[in-house]
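Throughout, read-outs are computed from the coordinates displayed, never taken from laboratory work. All values derive from a computational prediction rather than experimental measurement. Positions of Cβ are backbone-derived with ideal geometry, glycine not excepted, and every protein chain shown enters the neighbour counts.
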């Protein structure tokens, strides 16, 4: 019996997932079918089912890939000398990596995660990991004196992540979205929000 070729399997898996993204973006998550995805990937439906058993399996694979990308992005923020610089650099990279159709698809997948427990579990895991890692970054910044000492780092992590999600989704449907201008204002907002309060030195008593 021939052993499966892991490189060939990985190549075809990537081809299938990329085809699925195009079909989902073009037809919508609910209207896309497995035969549609097979045709887009240039293979028979029977061959497609050899690699993935259902749309749910494809969504799970896409979610796992996104999880790995997210953890890579957070690691890049951790390596940055400045927290705000790291956040802005990663956001800019992610906005360039995804086109508008993919960002809109993210909204559909998020809605599916609310209906589908298996997809929802993966997204819950991603959300917990992201929140935990950003919280740890903020805790370190607070300990180093780079963030205001009274900052509730867990709540702040959630505020930051919620803001970033809103930016990604808005770019998906806003045809006039100004990426450069948004990043300038986001940097200003994060800097003002996170930096320690600066107090004017007291004047000596005469």
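Working from Cα positions, state the angle (0 to 90°, nearest 10) between the long axis of helix 55-79 and the longest principal axis of the chain.
For 55-79 against the chain, the angle is about 30 degrees.
How much length, in nm to one decimal, is gained on full extension between residue 124 and residue 192, taken as 0.36 nm per residue of separation minus their Cα-Cα distance?
Length gained between residue 124 and residue 192: 21.5 nm.
Could you work out the relative contact order of the chain, using alpha carbon pairs under 8 angstrom and six or more residues apart, expressed as a whole percent?
It rounds to 20 percent for the chain.
Order of 111-119, 129-137, 174-182 by packing, highest average Cβ count within 10 Å first? Don't skip to the answer; put the middle values down first.
On the way: 111-119: 14.1, 129-137: 17.6, 174-182: 10.3.
The most tightly packed comes first, giving 129-137, 111-119, 174-182.
Roughly what angle does helix 179-194 make with the longest principal axis of the chain, taking Cα atoms, 0 to 90 degrees, to the nearest 10?
50
Run the numbers on the stretch 1-53 and let me know its relative contact order in percent, using alpha-carbon pairs under 8 Å that are six or more apart.
Normalised by residue count, the contact order of the stretch 1-53 is 33 percent.
Once the Cα atoms of helix 100-115 and of the chain are each reduced to a long axis, what angle between those two axes, in degrees from 0 to 90 to the nearest 10, is obtained?
For helix 100-115, the angle is close to 80 degrees.
At q = 0.21, 0.25 Å⁻¹, what is the log10 ratio I(q)/I(0) for the stretch 71-163, with the Debye formula run over Cα points and no solvent?
-1.13, -1.33
Normalise the Debye intensity by I(0) for the chain, one equal point scatterer per Cα, no solvent, then take log10 at q = 0.18 Å⁻¹ and round to two decimals.
Calculated log10 I(q)/I(0) at the listed q: -1.28.
Sorted from largest down, give the three principal axis spans of the alpha carbons of the stretch 15-56, whole angstrom values.
On the principal axes, the stretch 15-56 reaches 23, 18, 13 Å in Cα extent.
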